[in-house]
Amino acid sequence: MPACGDSYTDVSKIYAWFTAIATADWNEMRSLHAGGLSVDVSHPLRQTTALMEATRQGRSRTVEWLLHHGAAPALLAGLRATSAIHIAIRMQQWEIAERLLLLAPAAAICDHAGRTPLHMVAMTITNEPHAERACVKLVDLLIEKGAGMDALDGEGISALHYAIINDLFGLAERLLVHGANPNIMSPESKVTPLTIAALEHQSHLAELLLRYGANPEHATQGGKTALELMPELAKLQHAASA
């Protein structure tokens, strides 16, 4: 069992490590790492890792240094478990997110809310064309790494649901092209992506979903169908099947 003095020294080194990360003190980082401190050591209070902190701050060079020295991009840590990949997406650090994903063994990792990185993309980006274009490579990489297009988060919502909620036509189309289920439903409410499009009268998204096989007669827990919520779906369905 280590003496109290040894324990204090270890904690002191960990705080010094995170200070060096925050200030980009390369000499201190190298010294502490050379002295045996793990790059994935957790912050004594926040329980985050240096890679998570550097990602949050958008420090690309520090992120690269940590990855070079073995930091794990998909490691779940923090008081509310998450990964550096989730953080990069939430902070819209797209280049860092791509770099982390390239080195991650897989992308089917869920944070404390049951959300995969693909959920995070659909929740984070705006429906401005340049924003969706910026994420094309990232989304393709997530799909290639097995992010799980039909995975449901802790609230029973899929990435496709979020894409429809946020009016992300480009992302929704990309998910459907790669095989996302257009009829996926939330377990409790029985709401499908088409239900949401009908509720919001998003005819362009409704037509897209119908083109990929969405069922307008599927009923929610409350007994409502998308066709009842948006009668013009009948015309859209005919156009989609023409």
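Bear in mind that the values in this text are calculations on the coordinates, not laboratory data. Please read these numbers as outputs of a predicted model, since none were measured by experiment.
Numbers for the structure displayed
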{"item": "Close Lys-Lys pairs in the chain, where close means Cα under 26 Å and separation is 8 or more or interchain", "result": "4"}
{"item": "Between segment 87-104 and segment 117-189, the Cα center-to-center distance that results, in Å", "result": "16"}
{"item": "Cα gyration tensor, segment 102-150 - rounded (a/c under 1.5), prolate or oblate", "result": "oblate"}
{"item": "log₁₀ of I(q)/I(0) at q = 0.15, 0.16 Å⁻¹ - segment 1-133, Debye sum with one point per alpha carbon", "result": "-0.71, -0.80"}
{"item": "Full-stretch length increase - residue 108, residue 219 - with 0.36 nm per residue and alpha-carbon distance subtracted", "result": "37.0 nm"}
{"item": "Theoretical ellipticity at 222 nm over the chain - DSSP helices of four or more residues, -39500 (n - 2.57) apiece, nearest 500", "result": "-15000 deg cm²/dmol"}
{"item": "Rotationally averaged projected area of segment 40-102 (alpha carbon convex hull; nm²)", "result": "3.6"}
